[in-house]
Amino acid sequence: MSPAASSLASGHSVVADPSGFSLPDGQKRFLRWTIYVGFAALVAGVAHGFAQALSYADIDILAYFPRLKSYYQGLTVHGVANALVLTFAFSNGFLPLLTARACGRPLNGALVVSSFGLLVTGVLLAGYAMVTNQANVLYTSYAPLQAHWTYYLGLVLVVLSTYAASANLYVTVRAWRKDNPGERVPLLAFMCVASYAMWNLASLGIAVLFIGFLLPWSIGWMSGVDPLFNRTLFWYTGHAIVYVWLLPAYISWYALVPKQVSGKLISDPLTRLVFIMFLLVSVPTGFHHQYTDPGISTGMKAFHAVLTFGVFYPSLATAFSVVAALEIGGRARGGTGLLGWIRKLPWSDPSVSAQLLAMLTFVLGGITGLINASYIVNQLVHNTAWVPGHFHMTVGSAVALSIIGIAYWLVPYLTDRKLWGRRVAAAQGWIYAIGVLIFARGMISGGLEGMPRRTYMAQATYTGEGWGLAGALTGIGGTLMTLSIVMFFVVLLMTILFGKKGEGPTDIPTAETLTGPADGGWELKLDRFWLWFGFAVLLVVVAYGPFLLTYLPPHLTSPGFMF
Ligand code: HAS
């Protein structure tokens with residue numbers, strides 16, 4: 001088979017069904033509701049985000065939030081709902097769907113249902129603790145701040161829901177392999193498996209933290225915890241987690257967006273290599289969040305700094321690949337000249353424009369990440385408003401805006417309804433992107449002037465040079481972001497309730513590759529997930545072993561603090 005003709009979605013041997021692809025109705029319904037849980041969380045998340053953005057502009061609206069007792073309660077809801085529930089609910093629905101499409105077979109029904117059940121129960125438990133003001137620990141769950149046990153148990157269940165979703169990917173791909181011995185794993189399924197395999201390794205840190213320490217401590221079975229050790233376990237997971245949020249967006253940028261813009265994915269082997277690199281180097285980088293922590297040697301921090309620059313490489317390769325795929329599309333649509341193809345991209349398609357804008361904001365998000373990662377410069381920006389400036393251009397736009405863009409075809413596909421309000425949706429992406437750039441400009445300049453993060457600025461009794469303008473920009477940007485999310489919800493609800501029935505897309509947009517998978521040679525090793533998983537474990541041992549050997553056992557001395 002000619003590599004150029006290889007279908008990304010179906011691999012070599014599965015013939016794409018021209019009438020489209022669909023899962024059994026029951027599975028489709030559960031995946032749809034899994035994704036809706038994420039969007040429901042987003043409602044709570046953005047409402048609190050709006051209050052926090054305004055607080056930087058000295059506008060205090062917290063009193064108008066029913067049941068809200070403090071800024072930190074709102075900030076916890078904001079982080080957990082947006083960064084943990086939206087992202088994982090979306091991945092739990094999206095990645096199994098793509099894997100099923102790639103393998104041309106249904107999923108395991110019991111795992112679809114368990115993943116949904118665990119997610120909902122987990123969100124309800126954690127939600128109970130946050131709404132009743134018993135979990136003001138922020139999404140990082142730093143001890144000795146202590147939450148009610150339902151918060152920790154709820155988040156454990158959310159993580160278990162991701163395990164059920166990942167198990168579904170593995171059994172689906174294994175069944176496909178059985179039916180197609182000797183064939184290359186379809187690229188789309190490969191990317192999904194690599195992403196969740198990385199997460200399975202990465203999540204060990206918070207699994208040990210929550211189950212081994214925080215949960216028993218919150219129930220009263222342990223009298224103290226070790227804050228430094230807890231932070232280390234959290235950040236073992238906490239940096240890799242950002243790539244778990246990011247990779248579903250990357251999968252769409254690599255494999256789906258090219259089809260939407262009439263382009264082609266550049267290279268099957270390079271794409272596999274990129275995802276293997278994420279599996280290898282996402283986890284052993286956590287100390288870059290702890291450059292200022294005592295108790296960890298400078299050598300170990302420097303080692304993690306080097307690996308952090310290593311995990312920058314697959315993103316760089318992604319930037320080149322994605323731009324090349326877009327250029328093919330733009331030129332196929334009649335674009336000429338050095339940059340003329342950009343104008344020819346289908347900007348009026350809200351799904352495409354939201355994701356293109358997500359990519360553009362991610363360029364700045366990525367650059368600010370590299371600044372954070374630079375050991376010495378980090379001293380200037382750590383714990384300042386700069387950091388939320390960085391992460392609103394990564395998880396807050398590269399990821400969030402991609403999820404929104406994907407939803408503009410995914411929800412019509414899952415409901416078989418036509419997207420309502422195409423123009424409103426197209427405008428929404430722009431308003432969000434402009435908003436987030438203004439917001440981040442405010443946060444970043446304020447951070448450089450020492451404006452702190454995680455501080456209720458509307459009630460702060462002090463100020464600094466340049467904070468006034470920085471705060472005003474943050475407030476304006478945050479207001480535009482909130483407005484645009486309201487528009488997104490209007491489009492979503494109108495589509496679900498009133499979109500024309502029977503006019504939704506019948507298939508998932510999956511691109512073809514320019515350079516297809518090899519039939520022999522070293523590239524075949526890329527499909528040996530266990531081999532790469534083994535190397536990833538080895539790197540983790542090298543990156544964390546010396547610290548653990550010198551530090552353990554943990555010093556369980558800190559009592560809990562609740563406010
Ligand atoms: Fe980060 C802190 C370093 C990426 C999220 N990060 C955070 C926190 C969050 C977060 C939430 O080293 C705060 C945690 C907390 O609460 O304390 N980050 C990095 C580095 C990268 C990076 C080196 N971060 C992310 C991503 C995130 C995320 C992705 C979420 C999804 N980050 C740090 C560090 C800290 C940190 C330190 C600790 C700071 C401190 O002191 O506390 C890199 O992976 C970034 C590489 C990415 C790029 C961009 C590539 C561009 C692409 C787009 C191509 C498209 C184009 C457009 C060109 C270099 C792929 C084409 C379109 C047309 C129309 C033509």
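Each residue of region 419-426 was assigned a 3J(HN,Hα) from its phi angle through the Karplus expression (A = 6.51, B = -1.76, C = 1.60, θ = phi - 60°), giving 4, 8, x, 3, 6, 4, 5, 5 Hz with x at Gly and Pro.
Counting Cα-Cα pairs of region 357-433 in 10 Å increments starting at 0 gives whole-percent bin shares of 19, 37, 24, 13, 6, 0.
Here's the list of lysines a cross-link from Lys264 could span, going by alpha-carbon distance under 25 Å and ignoring same-chain residues fewer than 8 apart: Lys344, Lys525. Cα-based values for region 145-215, radius of gyration first and Dmax second, are 16.0, 52 Å.
If you average over every viewing direction, what projected area does the convex hull of the Cα atoms of region 187-334 give, in nm²?
Details: hull surface 40.9 nm².
Answer in nm², one decimal: 10.2.
Relative contact order of region 84-172: 44 percent, from C-alpha pairs under 8 Å at least 6 residues apart in sequence.
The label-point distance for Arg422 and Met222, in a model that sets each label 7 Å from Cα toward Cβ, rounds to 5.6 nm. Taking 1.567 mPa s as the viscosity and 4 °C as the temperature, the Stokes-Einstein diffusion coefficient of region 434-515 based on its alpha-carbon Kirkwood radius rounds to 80 µm²/s.
For region 277-385, the alpha carbon convex hull comes to 130 Å³ per residue, rounded to a whole number. Beyond 12 Å, the tail of the calculated P(r) for region 68-117 holds 70 percent of the Cα pairs. For region 338-361, the residues whose amide N sits under 13 Å from a probe point set 7 Å from the Cα of Arg331 along the beta carbon direction are 338-342.
Viscosity 1.306 mPa s, temperature 10 °C: what is the translational diffusion coefficient of region 188-233 from Stokes-Einstein with a Kirkwood Rh over Cα pairs, rounded to a whole number of µm²/s? If you can, show how the numbers build up before the last one.
Working: Rh = 12.1 Å.
Using the Kirkwood radius from Cα pairs, D works out to 132 µm²/s.
For region 25-100, the dipole from Cβ point charges (+1 on Lys and Arg, -1 on Asp and Glu) about the Cα centre works out to 300 debye, to the nearest 20. Only alpha carbons enter this Debye calculation for region 15-79, each as an equal point scatterer, and the log10 of I(q)/I(0) it gives at q = 0.18, 0.24, 0.28 Å⁻¹ is -0.71, -0.99, -1.15. Peptides 531-541, 178-188 ranked from most to least packed by the mean count of surrounding Cβ atoms within 10 Å: 178-188, 531-541.
What FRET efficiency, computed as 1/(1 + (r/R0)^6) with R0 = 45 Å and r the Cβ-Cβ distance, is obtained for Tyr462 and Met494, rounded to the nearest 0.05? Between Tyr462 and Met494 the formula returns 0.45. For the chain, the longest principal axis of the Cα atoms and the long axis of helix 298-332 meet at an angle of about 40 degrees.
Relative intensity of region 351-500 on a log10 scale, I(q)/I(0) at q = 0.12, 0.20 Å⁻¹, equals -0.54, -1.09, per a Debye sum over C-alpha point scatterers of equal strength in the absence of solvent.
Think of the chain as having a plus end and a minus end, set by charges on the Cβ of Lys, Arg, Asp and Glu; of Ile508, Phe190, Val158, Ile508 sits farthest toward the positive end of this dipole. Packing, as the average of other Cβ atoms within 10 Å across residues, places the peptides 445-456, 80-91, 337-348 in the order 80-91, 445-456, 337-348, highest first. Counted over the chain with a bin width of 20 Å, the fraction of Cα pairs per bin, in whole percents, is 21, 58, 20, 0.
Treat every Asp and Glu Cβ in region 285-357 as -1 and every Lys and Arg Cβ as +1, leave all other atoms uncharged, and give the resulting dipole magnitude about the Cα centre to the nearest 20 debye.
Values: 5 positive and 3 negative charges, 59 e Å.
For region 285-357, the charge dipole is close to 280 debye.
For region 57-144, the Kirkwood estimate of hydrodynamic radius, built from reciprocal distances between every pair of different alpha carbons, is 15.2 Å. Straight Cα distances below 18 angstrom link Lys28 to the lysines Lys418, Lys501, with same-chain residues fewer than 8 positions distant left out. Value of Rg to Rh for region 371-414, rounded to two decimals, is 1.28; Kirkwood radius and Rg both from alpha-carbon coordinates. Can you classify region 459-560 as rounded, prolate or oblate using the Cα gyration tensor, where a ≥ b ≥ c are the square roots of its eigenvalues, rounded means a/c under 1.5, and otherwise it's prolate if a/b beats b/c and oblate if not? Judged from the Cα gyration tensor, region 459-560 comes out oblate (a/c at least 1.5, b/c at or above a/b). Annotation: peptides 496-507, 243-254, 26-37, 392-403, ranked by per-residue average of other Cβ atoms within 10 Å with the highest first, follow the order 392-403, 243-254, 26-37, 496-507. Under the simplified labelling scheme, the Thr506-Leu380 pair shows an inter-label distance of 5.8 nm, with each label point 7 Å from Cα along Cα→Cβ. Using alpha carbons only, how many degrees (0 to 90, rounded to 10) separate the axis of helix 400-415 from the longest principal axis of the chain? Orientation of helix 400-415: about 50 degrees from the principal axis. With Cα atoms as the point set, region 110-257 shows a radius of gyration and Dmax of 17.6, 55 Å. Principal-axis analysis of the Cα atoms of the chain puts helix 187-202 at an angle of about 20° to the longest axis.
Restricting to Cα pairs below 8 Å that are 6+ residues apart, what does the relative contact order work out to for the chain? Please round to a whole percent. So the answer I get is 22 percent.
Express the relative contact order of region 405-559 as a whole percentage, based on alpha carbon pairs under 8 Å and six or more residues apart in sequence. Could the numbers behind the result be given before it?
On the way: 133 pairs, mean separation 53.2, N = 155.
Over region 405-559, the number comes to 34 percent.
Over the chain, DSSP H runs of length four or greater, each weighted -39,500 (n - 2.57), average out per residue to a 222 nm ellipticity of -21000 deg cm²/dmol.
We did not get these values from a lab; they are worked out from the coordinates using the rules stated. Only a predicted model underlies this, so the values are computations on that prediction, with no experimental measurement involved. All Cβ positions, even for glycine, are placed from backbone atoms using ideal geometry, and neighbour counts span all protein chains on display.
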